[in-house]
Structure formats: C-alpha cells, structure tokens
Amino acid sequence: MFEEEIKLTINYRIQDYIEANRIDFRSRFIFQILRFIALCYVLFLALFIAVSPHPNFYAIFVLILFLAFVFYEWTWLPFLSKNLFEKQRKFFKNQVTLIFKQDEIIEICADQELKLRWFYKHITTPKMLLIFINPQGFIIIPKKYCSSEEQYEKICYLITKFPQGN
C-alpha cells in the first residue's frame, strides 16, 4: 500500500503561518461560542447606542472591543501570528524538511530532528494539513509545497493511519 517515503522541503512564509492559525482558531468550539455571544452583545450595544438620545462613550468603547473580538480572525490573529512567527524564525531558519514514513514522521530544522510516531490530532483542509504535536503546537504542511495533488493526498492518507489522541 504505502512503502516509499515522502520527503518535503518547506520554506515557511508568514502567510502560511497566519492561515494555519486561522484554521486552528476555526476548529476550536469554545471560540465559536464566545464569538456568537460577543456578536449578540455587539448587536445589543449597537441597538442601545442607536436609540439612545445621549450616546454613552463607555458603551461605544465596549462596542469597539467586542467588534475586535468578533472579528478576531481578521484583526488580532494576524498580528499575534506575525509576532509569534518572528519569535520562532530562529527555529525555522531557512527551511524545514519533513520525511513521511509508514510508521513515523521526521521533522528536520535548524540542526534539530524530531521523530513523531503518534500525535495529538490533525486537521486536513484543501490547502493545508496541520499535525498537532500537542493541543497548542502543530506542524504546518501547506499543499503548495507538495509536488502534486497525489502526493498531498498520500500524505493526508498516511496521517489518518497514525495513532492519535491523548
């Protein structure tokens, strides 16, 4: 079925990192609930400010803060992702090499080697694959670094066969 190894060399870009964090953000149920609650509050505050004869500046300030949270994915997330990417740039250095085998994934970067024989979970999208090493840390595999659609599909298939969970 799958006997050969697949080797990818990735030069991470800031956009890859931002997109991966967006995918991670969208997958977290608690953020979606909080976003819905914040959106309801924003609508209530906007209605309150609109019908109030004397706008309350505190209410306007809170409205702006809640709007920033509702649109976190487009406001704060790129900013925080860029900062984290810059801090981790020394870890990435120039490139990361990933080797996919039947029973392990090897990540080689900046004179370090990480061997994975199991992982926490994975998320597959049409553009990118995220392999979570733990609940917060993940390896990013953008589809654009694969040589073909078939190679990306092989990697995604292989990942589903790995042991996952706590």
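The values are calculated or read from the model by the stated rules, or taken from the named source; none is laboratory data. None of these values were measured; they are calculated from a predicted model. Ligands, DNA and RNA are stripped out before the accessible areas are found, and what is left, the full protein with its side chains, is counted by its heavy atoms. Shrake-Rupley method; radii C 1.70, N 1.55, O 1.52, S 1.80 Å.
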Cut-off under 5 Å, modelled amide H: who pairs with Ile139 long-range: Ile131, Phe132, Ile133
Whole-number accessible area per residue in Å² for the chain, which is evaluated in the context of all protein chains at 1.4 Å: 63
Once the range 97-153 is represented by equal point scatterers at the alpha-carbon sites, with solvent omitted, what log10 I(q)/I(0) does the Debye formula produce at q = 0.19, 0.28 Å⁻¹? -0.73, -1.35
Can you give me the Rg/Rh ratio for the chain, using Cα atoms for both radii and the Kirkwood formula for Rh? 1.12
Calculated from DSSP H runs of 4 or more alone, at -39500 (n - 2.57) each and per residue, what is the 222 nm mean residue ellipticity of the chain, nearest 500? -16000 deg cm²/dmol
Ordering Leu63, Leu80, Leu47, Leu8 from largest to smallest accessible area (1.4 angstrom probe), what's the sequence? Leu47, Leu80, Leu63, Leu8
Could you work out how far helix 29-51 tilts from the main Cα principal axis of the chain, as a 0 to 90 degree angle to the nearest 10? 20
Heavy-atom accessible area ranking, 1.4 Å probe, most first, across Asp16, Asp103, Asp111: Asp111, Asp103, Asp16
For the range 130-147, Karplus-derived ³J(HN,Hα) couplings (6.51, -1.76, 1.60; θ = phi - 60°; whole Hz; x for glycine and proline) come out as 10, 10, 7, 6, 8, x, 10, x, 9, 9, 9, 10, x, 4, 4, 8, 7, 6
Once both axes come from the Cα atoms, what is the angle between helix 57-70 and the longest principal axis of the chain, in degrees from 0 to 90, rounded to 10? 20
Spelling out what I want: for every residue of the range 79-84, take phi, set θ = phi - 60°, compute 6.51 cos²θ - 1.76 cosθ + 1.60 (Karplus), and round to whole Hz; glycine and proline get x. 4, 5, 5, 4, 4, 5
Show Glu149, Glu107, Glu113 ordered by accessible area, largest first, where the area counts protein heavy atoms only and the probe is 1.4 Å. Glu113, Glu149, Glu107
Computed accessible area, Cys40, all protein chains, 1.4 angstrom probe, square angstrom: 60
Using amide H atoms built 1.01 Å from N in the peptide plane, name the residues 5+ places from Thr125, or on other chains, whose amide H lies under 5 Å from its own. Leu130
